[in-house]
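For reference, the structure is listed below as structure tokens.
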């Protein structure tokens, strides 16, 4: 079973600030539309490898100006639309 | 998580129905886009734009309106953005690429017209497209009969200005198109209360040209032997170019191109070697219509170029800059726009030349001629295009399809067989 | 040394055991599970001929069920397989008309048996085996008996291509007292018209092969021949051409 970890933000600017940090620290990430299981509001979240979760949490503690709404880990599953 | 619901409510949207639309997007985008391997890092920006497609950008349009600016919604690459932006208005491409809106469209339209028209009208009357809801004025054109008559229906919801695009390219047609651009200018000045001066128009011409040049730079990277970016991703970028903030879009796309050019230097590609290279030609693909690209790239092919309105027709040829007088500037606009080779013209031999030229420029192996169901101009034009391509020895296959996913299996079989054929040809030539 | 080609279609699953020549052919109904049907064909081919599976060097799958054939070494579309199969049987073939259970296609070949171009019907079942079956049911007959029924009768015109509309057209023809025989002939003629339209999309050079389950109808073949004014070649077994092509592709893959 594979998992993905998602970081949610109160605003897209927080997300973009974290993106900058992740880029600097060379931590792999993808900006994604927030999964519906996590929030009903459209908007961005950042997907990371669950193994990097602790590293990212440390980064967030060191940079308290970046606000987040939570970090969640979900089972990876892709729905196939074209069959 | 930013809450845009208040904003949507203020735009008089159907929140409940809109929520159903939002529900599909993350999973659909995951399946089509995020599942791709080795995507360029720079694609994160476009992931961002798509995630905020009904959020941040709508907020920006709202801010612009709060400051007294106007928003114009457009449908077609013939509408000169330069005029809109020179009056400090914002032009945005409108929704029309999803099956989601078709049932609402069919409430007021016959079933046997193209899905793009049905979806656009459906998006408006269902109140689920915030771009439609943000528009102070719509701008239509006369590129096909279906759209021409649909404007009359849309006009009941939002005022619409229709530009009468000539259907031939004779001298008097040029004069007529120039007059149409002038009429449009008057209309935009009246709506915005801003006077379009030589300086403003020249600045707008330069700005839109910069957007065209960066798209051309992006497409140039697709001529490389090892494709640094998938066709699907390139299509997404062109689609986003229609409504994103111009300066930001240009900057981010330049950054992406830097990355792609580095990839080419290093020989990094996103497809296995010997993946057939496909030129797609035909009708426009509005967000989130990624169907044909997705089917091609999951059936063993790669898309290297689009000869479509969401492809080269959108950005090839720039408008001559630094003309001194308004009249000369409008002449330059007339020339650039009337040079687009749309199937609404008769004859339209320029398009055949374009297809053959692009096939060679992008080193393609075959052509997929894609038309939306019931698009008469493009489906009729297939015969002439096929004859010309046969003469050149260029393999071509026609795929006619709408937005539904039910014919995916059948299309995939045809695509796979086409690619098997292209590979066989290639190895026969190699011998 | 052997290869196996399996063509899992919407109605029937076909298999060919091959060693440069056809050793054995198998045809079974696909049923509800294309995956099981292809596995069953594979097993039948081995068991009936006492062939050790290690001697089978390649298994190539085709047909709409190819995606579920996890045990295949390679999957190839039915278009390429039909080209290879028909060309193997008769290398003068340059055009193939294939009408199967749910689709119909025309394939044009070059002199080496490679696909030059091809055309397929759209997503509906008009002019396919499915169409024949629905119409045969309406006449309360078996699809395999339509030929016998139609023999020597002048066809009644059936103008609807769509399965649903043709059905109601036939119901009203029956109500008006038209004979079953003339309607059966009309049904076959309507398929012939559809096939001729499909054929006209390509320029016909060399010999034409007619394949697929529907090609078993001799009257249909005659109707098409009279319309295009050219003789058509039908292989002994019209249904296995795709599976044969798959086996030939496998054969060409192995070092001999």
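Taking the Cα of residue A:65, stepping 7 Å toward and past its beta carbon, and measuring to each backbone N in segment A:9-37: which are under 18 Å?
A:10-25
Let me have the relative contact order for chain A, percent, based on Cα pairs under 8 Å that are six or more residues apart.
Numbers: 110 pairs, mean separation 40.5, N = 83.
For chain A, the relative contact order is 49 percent.
Provide a whole-number value for the mean count of partner chain Cβ atoms within 10 Å of the Cβ atoms in peptide A:27-37. It would help to have the intermediate numbers written out before the result.
Details: counts 0, 1, 2, 7, 11, 10, 16, 5, 3, 7, 1.
That works out to 6 on average.
Could you compute how fast segment C:92-234 diffuses translationally, taking Rh as the Kirkwood radius over C-alpha pairs and applying Stokes-Einstein at 20 °C with viscosity 1.002 mPa s? Give it in µm² per second.
On the way: Rh = 15.3 Å.
My calculation gives 140 µm²/s for D.
Where the centre of each part is set by its Cα atoms, how far does segment C:141-160 sit from segment C:72-108, in angstrom?
27
Take the alpha carbon atoms of segment C:183-248, find their center, do the same for segment B:129-143, and report the distance between the two centers in whole angstrom.
If we compute the Cα centre of each part, the gap is 51 Å.
Using a ≥ b ≥ c from the Cα gyration tensor of segment A:3-75 (square roots of the eigenvalues), is it rounded, prolate or oblate, where a/c under 1.5 gives rounded and otherwise the larger of a/b and b/c decides, a/b for prolate?
oblate
Could you rank the peptides B:157-164, A:43-50 by their average count of other C-beta atoms within 10 Å per residue, with the highest value first?
Details: B:157-164: 16.6, A:43-50: 22.2.
Descending mean neighbour count gives A:43-50, B:157-164.
Can you give the log10 of the normalised intensity I(q)/I(0) at q = 0.08, 0.11, 0.12, 0.17 Å⁻¹, computed with Debye over equal Cα scatterers of chain C?
Scattering profile of chain C, log10 relative to I(0): -0.32, -0.59, -0.69, -1.21.
With a ≥ b ≥ c the root eigenvalues of the C-alpha gyration tensor of segment B:82-176, is it rounded (a/c under 1.5), prolate (a/b larger than b/c) or oblate?
On the way: a/c = 2.37, a/b = 1.33, b/c = 1.79.
In terms of gyration-tensor shape, oblate.
Normalising by the residue count of chain B, find the relative contact order in percent from Cα pairs under 8 Å and 6+ residues apart. Each step should come with its number before you reach the end.
Working: 657 pairs, mean separation 74.0, N = 431.
Relative CO of chain B lands at 17 percent.
If you fit an axis through the alpha-carbon atoms of helix B:198-220 and take the longest principal axis of the Cα set of chain B, what angle between them do you get, 0 to 90°, nearest 10?
20
Taking every residue in B:21-32, how many Cβ atoms of other protein chains lie within 10 Å of its Cβ, on average?
Numbers: counts 1, 7, 3, 3, 4, 11, 8, 3, 2, 10, 5, 2.
The per-residue average across the peptide is 5.
Can you grab the distance from the C-alpha centre of segment A:38-65 to the C-alpha centre of segment B:190-206, Å, no decimals?
44
Please label the shape of chain B as rounded, prolate or oblate, based on the square roots a ≥ b ≥ c of the eigenvalues of the alpha-carbon gyration tensor (a/c under 1.5 means rounded; beyond that, a/b larger than b/c means prolate, else oblate). Before the final figure, lay out the partial values.
Working: a/c = 1.44, a/b = 1.28, b/c = 1.12.
Rounded.
So how much slack lies between residue B:195 and residue B:155, counting 0.36 nm per residue of separation and subtracting their Cα-Cα distance, in nm?
Numbers: separation 40, 0.36 × 40 = 14.40 nm, distance 2.54 nm.
Computed gain between residue B:195 and residue B:155 is 11.9 nm.
For chain C, take the longest principal axis of its alpha carbons; what is the angle in degrees between that and the long axis of helix C:163-175, to the nearest 10 within 0 to 90?
For helix C:163-175, the angle is close to 40 degrees.
Please determine, in degrees from 0 to 90 and to the nearest 10, the orientation of helix B:231-241 with respect to the longest principal axis defined by the Cα atoms of chain B, where the helix direction is its Cα long axis.
Taking Cα atoms only, the helix is inclined about 10 degrees.
Over chain C, what relative contact order in percent results from Cα pairs under 8 Å that are six or more residues apart?
Values: 543 pairs, mean separation 66.5, N = 256.
26 percent.
Using a 7 Å offset from Cα along Cα-Cβ at residue A:38, what residues in segment B:12-37 end up with backbone N under 14 Å from the label point?
Only B:26-27, B:30 pass the distance filter.
Taking beta carbons within 10 Å but only from partner chains, what does the mean come to for residues B:390-403?
Working: counts 2, 0, 0, 0, 0, 3, 1, 4, 1, 0, 1, 2, 0, 0.
Neighbouring Cβ atoms belonging to other protein chains average 1 per residue here.
Any read-out appearing in this document is the output of simple, stated calculations on the displayed coordinates, not a laboratory observation. Please read these numbers as outputs of a predicted model, since none were measured by experiment. A quick note on method: Cβ atoms are made from the backbone with ideal geometry, for glycine too, and the neighbour counts reach across all protein chains shown.
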